[in-house]
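Presented below is the structure to which this report refers.
The values are calculated or read from the model by the stated rules, or taken from the named source; none is laboratory data. Computed from a predicted structure; not experimentally measured. With ideal geometry, Cβ positions are generated from the backbone for all residues, glycine too; neighbour counts draw on all protein chains shown.
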Amino acid sequence: MPGTRVTTVQQRQQMAHRGRQGAPYQTIAYQNQVSYWTVRKGVRRARQGDLEALVTRWGRPTTGPMAEEDFLVRYVALRLKRQHPTWGAAYVLKKMRHHPILKRQKLPSATTLWRYWRRFGDRLIPHRPPATPQLPPAGIAHGVWQMDAKESVPVAGVGAVTINQARDEYGRATVLHQIHPATSEDQRTVKLTSTQVQQDCRVAFTQWGLPDAIQTDRATIFVDADPTPFPTPLCLWWVGWGITHRLIPRHCPQRNGSVERSHRTLNERTLVGQHFADAAALQQQVDADWAELNSQCPSRARGCQGQPPVVAHPELLIPRRPYHPQREGALFDLKRVAAYLATQTWLRTVSSVGQVTLGGYCYGLGIAWAAQTVAIHFDPQERQFVFTGLKPPTRHGQGLPELPVVRRDPQGLTVEELTGLSVGGGKENRR
């Protein structure tokens with residue numbers, strides 16, 4: 001007898017009834033012209049449920065998170081998530097409990113709801129970039145300075161100001177605290193320039209010495225927005241002093257938490273409820289308050305044990321690498337800049353007139369290079385940029401003939417241009 005003969009729900013119900021009465025499976029199979037295994041399956045399904053258990057369900061069984069949930073539960077869960085992509089599973093579940101069509105429905109847990117959303121991938125939950133590993137902590141005083149600017153803060157009597165601060169990550173002392181006011185009364189947004197940050201650093205370097213690294217966010221004065229960014233002049237100035245520039249991940253201000261806390265302290269200590277005659281009076285008060293906080297006021301910061309930062313870490317007062325502003329032009333090391341640039345490669349597309357922009361400067365390669373993609377690296381021996389054309393491979397896997405290599409002298413990389421100072425000396429000192 002065929003084992004694949006199709007049976008109706010009524011036949012399965014009759015076979016299940018005979019089986020409950022004790023009739024042998026083989027006898028039932030002979031009477032209904034089906035296989036023994038068909039009878040056994042029908043009887044076992046009837047024991048697990050009523051008539052619904054005998055209905056054939058075509059296709060693969062439903063699996064995965066919320067597979068057994070009612071259709072309305074899945075529908076509302078998806079609809080709420082599509083309407084509010086930023087809502088979490090726990091909050092969506094709270095909204096589902098008060099939804100009128102789900103009053104008598106059993107709801108899943110928040111974890112199950114989140115796993116259900118994950119089945120839809122990027123269509124429902126956008127892909128998150130991988131977590132950036134933590135930067136190594138500073139193990140000594142002046143090992144790492146965390147730098148950040150609090151922009152466009154309204155101050156009574158002064159107007160909008162931007163406060164640029166830096167804090168030693170290890171010793172927890174605020175080493176830089178400069179005020180930059182608006183240039184006019186109606187100006188509401190104050191953006192720092194590279195020159196201003198450079199001058200702020202000179203003030204801090206003179207008092208505390210040079211740090212090993214400065215850690216910042218990804219503001220445009222610190223890093224270029226290009227996918228293969230060229231270092232900014234400020235970054236190259238730090239490199240010339242042997243200072244490593246460290247970047248925190250995007251949208252992660254907590255990675256610079258120490259200097260962020262300095263902003264709050266300055267606001268509570270100096271700004272709230274106060275009126276100042278002008279920007280000079282504000283700067284004077286900020287300097288006095290931070291001198292007191294660093295040396296006299298007990299600190300709850302990690303590693304200070306309730307003491308003022310410079311008392312808990314007296315090595316902060318002894319510069320490990322002194323800075324002499326009068327000798328900056330002579331001591332600035334351009335070889336460090338060249339060695340740093342030699343470790344990087346930049347990709348750019350040549351314009352229709354044969355020019356390419358690098359670090360804010362234009363380099364002419366010739367009209368033959370128009371619309372080509374070039375790889376650029378720095379030759380530290382010749383102190384030149386080397387432009388190499390990139391040709392994509394053909395369909396047969398063989399590359400097209402390479403464009404000739406072009407060399408160009410760098411722009412903006414002299415001691416005078418990086419430091420903003422007038423430096424004497426020969427060609428070797430200036431390049």
Exactly one condition in (1) modelled with pLDDT under 95; (2) closer than 16 Å to H313 by Cβ is false for Q146; which is it? (1)
Using the structure shown, decide if P249 is at negative phi, part of a loop (DSSP other than H, G, I, E, B) and modelled with pLDDT of 95 or more. no
Condition check: farther than 19 Å from P136 by Cα and crowded, with 22+ Cβ neighbours inside 10 Å. Does T193 satisfy that? no
State whether one or more residues within region 198-214 are modelled with pLDDT under 95, among the hydroxyl-bearing types (S, T, Y) and farther than 18 Å from N267 by Cβ. no
Report whether or not I214 is free of Cβ contacts under 8 Å to residues at least 40 places away in the same chain and either among the β-branched types (V, I, T) or surrounded by fewer than 21 Cβ atoms within 10 Å (Cβ to Cβ) (or both). no
If I248 passes every condition in (1) in contact (Cβ under 8 Å) with a residue 40 or more places away in the chain; (2) over 16 Å from the mean Cα position of the chain (by Cα) but one, which one does it miss? (2)
Take region 176-204 and flag every residue that is within 22 Å of I248 (Cβ to Cβ) and touching a residue at least 60 places away in the same chain (Cβ under 8 Å). H177, Q178, Q198
Note: among S299, S262, just one is surrounded by 18 or more Cβ atoms within 10 Å (Cβ to Cβ), among the small types (G, A, S), touching a residue at least 60 places away in the same chain (Cβ under 8 Å) and in a loop (DSSP other than H, G, I, E, B), namely S299
Residue under evaluation V356, criteria (1) part of a loop (DSSP other than H, G, I, E, B); (2) in contact with a Phe, Trp or Tyr (Cβ under 8 Å, 6 or more places away or on another chain); (3) of a type in the set (V, I, T), criterion not met: (1)
Cβ-Cβ under 7 Å pairs, at least 6 apart or on other chains, region 28-49 side under 11 Å from Q14 (Cβ atoms), far side part of a helix (DSSP H, G or I) and polar (S, T, N, Q): N32/Q11
Scan region 334-350 for residues that are assigned to a loop (DSSP other than H, G, I, E, B) and either in the same structural domain as N294 (by TED's automatic domain parsing) or buried (at least 16 other Cβ atoms within 10 Å of the Cβ) (or both) and report the count. 1
Report yes if some residue within region 115-127 is acidic (D, E) and not in a loop (DSSP other than H, G, I, E, B); otherwise report no. yes
Can you name the condition, by its number, that E328 falls short on among (1) of a type in the set (D, E, K, R); (2) within 20 Å of T244 (Cβ to Cβ); (3) assigned to a strand (DSSP E or B)? (3)
Do you know which residues across region 151-167 are under 17 Å from D289 (Cα atoms) and among the charged types (D, E, K, R)? R167
